[in-house]
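A short reminder: the numbers here are calculations on the coordinates, not readings from a lab. No experiment lies behind these values; they were computed from the predicted model shown. Cβ atoms come from the backbone with ideal geometry, glycine included; neighbour counts cover every protein chain shown.
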Amino acid sequence: MPAKDYYQVLGVSEGASADEIKKTYRKLARKYHPDANPGDAAAEERFKEISAAYTVLSDPERRKQYDQMRRMGARAGFGAGGGPQGPGFGGATRGWQTIDLEDLDGFGGLGDLFSSIFGGRGRARSRGPRAQPGLDRHMEVEVPFKTAAMGGEVTVEVPLEEPCPRCHGTGAEPSTKIETCPQCGGSGQVSLLQGGFAVQRPCPRCMGRGTLVESPCRQCGGEGSVEKRRRIKVKVPAAIEDGERIRLKGKGEPGLAGGPPGDLYLVLRVKPDRFFSRDGPDIHCTVPITAFQAMLGTKIRVRTIHGSKVELKIPPGTQGGTRLRVKGQGIESEVRRGDMYVEIEITVPEKLTDEERARVEELAKGTAGKR
């Protein structure tokens, strides 16, 4: 395990979102970058810690594995300095050493954990910057009730990171010098000591790019990418439920060193309708009728989710809360075609004319004592 907690290094909580981790890292990286603190060894060391923490926490899979290692740290006997203790390691740290992660495969899968978190085998060497996939993005999108039920399209405005148009992704001001990083030799990787192991990490000086720029691009600040908001049309399948996700491949953040972009996940939030509600593929609605209509019976016309209207016969003596089923007027799902259920609500007038009151009183006398 790393000697320092990566969440503490960045100053974020264990439940921090990917965007929160990214924003915090960028803020700290600008503050402690060696170019902004020439000759400051403490700042450079702090920058290395920040970069190491971000390398793990910014990658969902590595972060998951790291969280697993944090939870098992005490049980597995990892010391405060991060080195393994106990059976199989002689019970004591034997000084810094380079160990191939394959040698750990016999210890409960620790080799796989280290390999996943630290990006490869401990003795690996790269001839160029290591390609890294971009981060996935997640955002919520409101979908109209009818679109969620019947399917259709929604227009979504999403933030997308694109190569900077000024520097074309290099991070350097046009016509300025770009040189090979002296710390990693252009590989984009460095070997760092972690808890008794020499592991490969993206170079903290060049951020894994393998190059340094003489003058950072004025438009993107040296990031090589800029955020733009794009309006895109998204196809919504029929019968979706609130909370379902749609994946837009390659619409996440751009990768590093030629790595593929991440994906964009849209979490769909279905807006409520004033008239309809849903229970799976079935549609429900409530229709008010007067007490006289309920007593005498009547016919009513009710609109459906499909835009048409159906005529329903209300039998004499219908009680409030009665549900009438209209077969096949729900929505089509993978399982079945839904029905429409119309619940009858009986309304009583708040005011009566003298003539109406007299008739009601006469009716009341005639029904007195009857059940």
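Some observations on this one:
- Rough spin-label spacing in nm, given labels placed 7 Å along Cα→Cβ, for Lys233 and Gln319: 5.2 nm
- Dipole moment magnitude, nearest 20 debye, segment 276-367 about Cα centre, only Lys, Arg, Asp, Glu C-beta charged: 360 debye
- Count Lys and Arg as plus one, Asp and Glu as minus one, and take only other residues whose Cβ is under 11 Å from that of Asp263; the net charge is then +3.
- Listed by chain and number, the lysines whose alpha-carbon sits under 27 Å from that of Lys31, ignoring those within fewer than 8 places in the same chain, are Lys4, Lys22, Lys23, Lys48, Lys177, Lys228.
- Rg(Cα) / (2.2 N^0.38 Å) computed for segment 276-367, rounded to two decimals: 1.36
- Stretch gain in nm, segment Arg70-Lys351, where the contour uses 0.36 nm per residue and the Cα spacing is subtracted: 94.1 nm
- Residues Ile178, Ile283, Ile305 in ascending order of nearby Cβ atoms (within 10 Å, fewest first): Ile178, Ile305, Ile283.
- Available extension along the chain between Glu45 and Lys22 is 6.3 nm, counting 0.36 nm per residue and deducting the alpha carbon span.
- Reach of Lys233 by Cα under 20 Å, taken over lysines that are not fewer than 8 positions away in the same chain: Lys146, Lys249, Lys251, Lys271
- Theoretical FRET efficiency, 1/(1+(r/R0)^6), r = Cβ-Cβ of Lys299 and Arg269, R0 25 Å, to 0.05: 0.10
- Packing, as the average of other Cβ atoms within 10 Å across residues, places the peptides 245-251, 344-350 in the order 245-251, 344-350, highest first.
- Placing a label point 7 Å from the Cα of Leu248 along the Cα-to-Cβ direction, the residues of segment 139-156 with a backbone N closer than 13 Å are 139-142, 154-156.
- Each part reduced to its alpha carbon centroid, segment 1-52 and segment 223-278 end up 29 Å apart.
- For a modelled paramagnetic label at Glu334, 7 Å from Cα along Cα-to-Cβ, no residue of segment 251-272 is in reach, as no backbone nitrogen comes under 12 Å.
- The listed peptides 217-225, 46-54, 150-158, ordered by packing as a protection proxy, come out as 46-54, 217-225, 150-158 (highest mean of other Cβ atoms within 10 Å first).
- Taking Lys and Arg as +1 and Asp and Glu as -1, the other residues whose beta-carbon sits under 15 Å from that of Glu227 total +4.
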